[in-house]
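**Student:** If you scroll down you'll find the structure; I have some questions about it.
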Amino acid sequence: MRGTRRYKHVIETPDPGKWELAGYEETLPISEKSNPITRELDKADPNQLVQLLRDCDAEIFQEEDETIINYQRLYSESALKTVADIAKRVQEILKNPEDGLIVISGCGTSGRLALLLANSFNRMLKGLHKTPCYTYIISGGDRSIVTSQETPEDNPIMGAEELEKVCEGKKKVVYIGISCGLSAPFIAGQLDFCMKNLDVFLPVLVGFNPVNMARNDSIERWQSTFRQVAERMQSLQDTQRAFILNPAIGPEAICGSSRMKGGSATKILLETLFLVAHKADSNVAVTEKCLLEILRTYERAHKVTYSQSKKIAGLMKQSATSLQKKGHLYILGWGTLGLMGVMDAVECVPSFQADWRDVRGFINGGYNTMENKEGDISSMGPQFAISHEDFVKNVLPSVTEADTVLFIFTLDDELSEVEKMATQVKEKTSNVHAISHATAGQYMPSSTKKIIPNIIGITWPILFLEYEGTFIQKFQRELSTKWILNTVTSGVHVLKGKVFRNFMVDFKISNSKLFHRAMSVLQRLSGSSQQRCRDALLQSIYGEQTLSDQIKNSPISKHVEEAASKEKVLPTAIISLLRNCTISESKERLDASPSIRAAIELSLNVPGRKRGAESSGTEGRSR
């Protein structure tokens, strides 16, 4: 939708999508629907991939269109009012930080963003000589920041216990639980704990589905579903004892991949909220105008970032070539941009069943720069070694011409370090690229350009603002880097054949949400009944054609535990259903195919095969 009289957009947002029409994949929440923009994603070349992902990201800023479905959007008056109301409550903590705490909590990507946000705003407070009062929780602890740990997401009791421990002795706590799909049991447990202790806690839920689309499956060994928790919160919102901040931002470019748009929108929303709260602390009124001014800076970040689309596509193409040649993509970043690189690399593992060595992120100063609670955890194993020193010592000796190395820095960073590292890398591979951020008036030294010829150079306008202005530019650079990395690594795996249409078809089934997503993909691609899809999935997980009653009756947690160590579980089940063949025959077909996508395409086009649910519109249910 183009801008309205109330608000003029910085970017062109797409026209309202088919996904907003009544009846479109109606059994699915928005976060699990397939995005019509990217239906042919798997057939796109790098340039087309960048354009498609750009258009999906632009949907974050689209305004509501009441002539279609009245979904609350980012710019809806109700959403802006909720942000302002929460900001005022955060302000109360900022005024009395000794007895109060602002807790940001999430699982996976959401938890990593919680760390980033808590550290950013504590840094802002320290710069103003004020007491830091933000903290983060990530399910699975700090090891989840740098490695994929999906299983703890399913534990609501652990979530509640962790929150209670973090907030011990505090008299007032603003708790912000992030669950993009309104689905994570870990967050449900924390929200439930807050509602039992409203004298201390103000619970805030952040996600991107309406409450009636929240996950309603029973949670093992617990008394409520996520939807029931959200509905209880909704009943408390009128009296401002709880808040739900859940604008619709549209389906993900790759179905269900909330690390992308969900993560970006989380960052935009919460940084806007906290920035406004800090302005209010300086006696600046919280107004809609104030909120819109900040949101516009993120729209500008979208415009500035995707003005580099051609170069982003070039980086994607080179990175895909590396992975197709059994090489790697190594991302070396400085400051919080290094953290964006670490985050993106980790997310490739569960999303695309990637080996943890395929895409790796490294940050200057390692855990000291990251500022995580548990400090240096590199002794836990090679996956946890994330400093530049670790890269030079453990990785660089084995780098070859098949590898691509990406540097991410600002022109305010120590460029002599960048040049020194790039010179060492160039002795091993010529595939050296960079993302550099500059402020207007800054220029890249010719010595740096000579060493790194392939640079995505992004120049930001000078922001003539107060102290917070430097943080807004920092946030823009982080978001811009996130968009580029998400686009590159997602595109790489599309080109590698890990995506069919716009479905992830080779993700790791490592928690209950992903088990249900696998079921949904099976139903949508095969048109088979829910029971038939479940049987095929279990046959693939256990490698047994005949399922015992014990397997059939086991809880989902048992299936997840079994699936966690297996490869190509979902693709095997898909081929088995499409071909009506055994699991072993399905595996043989997959092994003989150049890619998972190619094997599915061939199986769908078998003569005489009935059209699947994806064509008929009778999608499987996924909550």
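**Student:** Of everything in the stretch 14-38, what is open to solvent by 10 Å² or more (accessible area, probe 1.4 Å) and within 13 Å of residue 208 (Cβ to Cβ)? Give them in sequence order.
**Tutor:** Within the stretch 14-38, 31, 32 meet the criteria.
**Student:** Would you confirm whether or not the stretch 170-177 contains a residue that is without any contact (Cβ under 8 Å) to a residue 40 or more places away in the chain and of a type in the set (Gly, Ala, Ser)? Show your work before the answer.
**Tutor:** Of the stretch 170-177, the ones without any contact (Cβ under 8 Å) to a residue 40 or more places away in the chain are none.
Checked against the condition, which is being without any contact (Cβ under 8 Å) to a residue 40 or more places away in the chain and of a type in the set (Gly, Ala, Ser), the stretch 170-177 yields no hits at all.
**Student:** So which residues in the stretch 351-365 are farther than 20 Å from residue 399 by Cα and crowded, with 21+ Cβ neighbours inside 10 Å? Write out each step before concluding.
**Tutor:** Our first condition is that a residue be farther than 20 Å from residue 399 by Cα; within the stretch 351-365, this holds for 351-353, 365.
351, 352, 353, listed by residue number.
**Student:** Cβ-Cβ below 9 Å, separation at least six or inter-chain, first residue in the stretch 84-104 and small (Gly, Ala, Ser), second assigned to a strand (DSSP E or B): which pairs?
**Tutor:** Pairs that qualify, where the first residue is small (Gly, Ala, Ser) and the partner is assigned to a strand (DSSP E or B), are 100/172; 100/173; 100/174.
**Student:** Then there is this: Assigned to a helix (DSSP H, G or I), farther than 30 Å from residue 352 by Cα and either modelled with pLDDT of 95 or more or of a type in the set (Phe, Trp, Tyr) (or both), is that true of residue 102?
**Tutor:** It is false that residue 102 is assigned to a helix (DSSP H, G or I), farther than 30 Å from residue 352 by Cα and either modelled with pLDDT of 95 or more or of a type in the set (Phe, Trp, Tyr) (or both).
**Student:** Go through the stretch 370-394 and count every residue that is in contact (Cβ under 8 Å) with a residue 40 or more places away in the chain and surrounded by fewer than 19 Cβ atoms within 10 Å (Cβ to Cβ).
**Tutor:** Residues meeting the conditions: 6.
**Student:** Within the group 265, 285, 301, which residue is open to solvent by 30 Å² or more (accessible area, probe 1.4 Å), small (Gly, Ala, Ser) and either modelled with pLDDT of 95 or more or not in a helix (DSSP H, G or I) (or both)? Let's see the steps before the verdict.
**Tutor:** Working: 265 fails: open to solvent by 30 Å² or more (accessible area, probe 1.4 Å); 301 fails: open to solvent by 30 Å² or more (accessible area, probe 1.4 Å).
So the residue among 265, 285, 301 that is open to solvent by 30 Å² or more (accessible area, probe 1.4 Å), small (Gly, Ala, Ser) and either modelled with pLDDT of 95 or more or not in a helix (DSSP H, G or I) (or both) is 285.
**Student:** For the stretch 407-495, please list each of the helices (runs of 4 or more DSSP H) lying entirely inside it that holds at least 3 residues being without any contact (Cβ under 8 Å) to a residue 12 or more places away in the chain and open to solvent by 10 Å² or more (accessible area, probe 1.4 Å).
**Tutor:** The helices (runs of 4 or more DSSP H) meeting that bar are 446-451.
**Student:** Which members of the stretch 126-148 meet the condition of being without any contact (Cβ under 8 Å) to a residue 40 or more places away in the chain and either part of a helix (DSSP H, G or I) or over 22 Å from residue 173 (Cβ atoms) (or both)?
**Tutor:** 126, 129, 144
**Student:** Return the pairs, sorted by first residue and then second, in which the second residue is of a type in the set (Phe, Trp, Tyr), the first residue lies in the stretch 305-325 and is in contact (Cβ under 8 Å) with a residue 12 or more places away in the chain, the beta carbons are less than 6 Å apart, and the residues are 6+ apart or on different chains.
**Tutor:** 305/483
Let's see how each residue does on (1) open to solvent by 10 Å² or more (accessible area, probe 1.4 Å); (2) in a helix (DSSP H, G or I); (3) small (Gly, Ala, Ser):
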{"residue": "293", "(1), (2), (3)": "yes, yes, no"}
{"residue": "296", "(1), (2), (3)": "yes, yes, no"}
{"residue": "311", "(1), (2), (3)": "yes, yes, no"}
{"residue": "315", "(1), (2), (3)": "no, yes, no"}
{"residue": "319", "(1), (2), (3)": "no, yes, yes"}
{"residue": "331", "(1), (2), (3)": "no, no, no"}
{"residue": "336", "(1), (2), (3)": "yes, yes, no"}
{"residue": "343", "(1), (2), (3)": "no, yes, no"}
{"residue": "348", "(1), (2), (3)": "no, yes, no"}
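**Student:** Which one of these is modelled with pLDDT of 95 or more, out of contact with any Pro (no Cβ under 9 Å at 6 or more places or on another chain), among the β-branched types (Val, Ile, Thr) and in a helix (DSSP H, G or I): 369, 400?
**Tutor:** Result: 369 is the single residue among 369, 400 that is modelled with pLDDT of 95 or more, out of contact with any Pro (no Cβ under 9 Å at 6 or more places or on another chain), among the β-branched types (Val, Ile, Thr) and in a helix (DSSP H, G or I).
**Student:** On to the next question. Among the residues of the stretch 40-79, write down those that are under 16 Å from residue 298 (Cβ atoms), part of a helix (DSSP H, G or I) and open to solvent by less than 10 Å² (accessible area, probe 1.4 Å).
**Tutor:** Listed by number, the residues that qualify are 56, 58, 59, 60, 61, 79.
**Student:** Go through the stretch 501-541 and count every residue that is out of contact with any strand residue (DSSP E or B) (no Cβ under 8 Å at 6 or more places or on another chain) and in a loop (DSSP other than H, G, I, E, B).
**Tutor:** 10
The values are calculated or read from the model by the stated rules, or taken from the named source; none is laboratory data. The model shown is predicted, which means the values in this text are computed figures rather than measured ones. A quick note on method: Cβ atoms are made from the backbone with ideal geometry, for glycine too, and the neighbour counts reach across all protein chains shown. All accessible areas refer to the heavy atoms of the entire protein, side chains included, with ligands and DNA or RNA removed. Shrake-Rupley method; radii C 1.70, N 1.55, O 1.52, S 1.80 Å.
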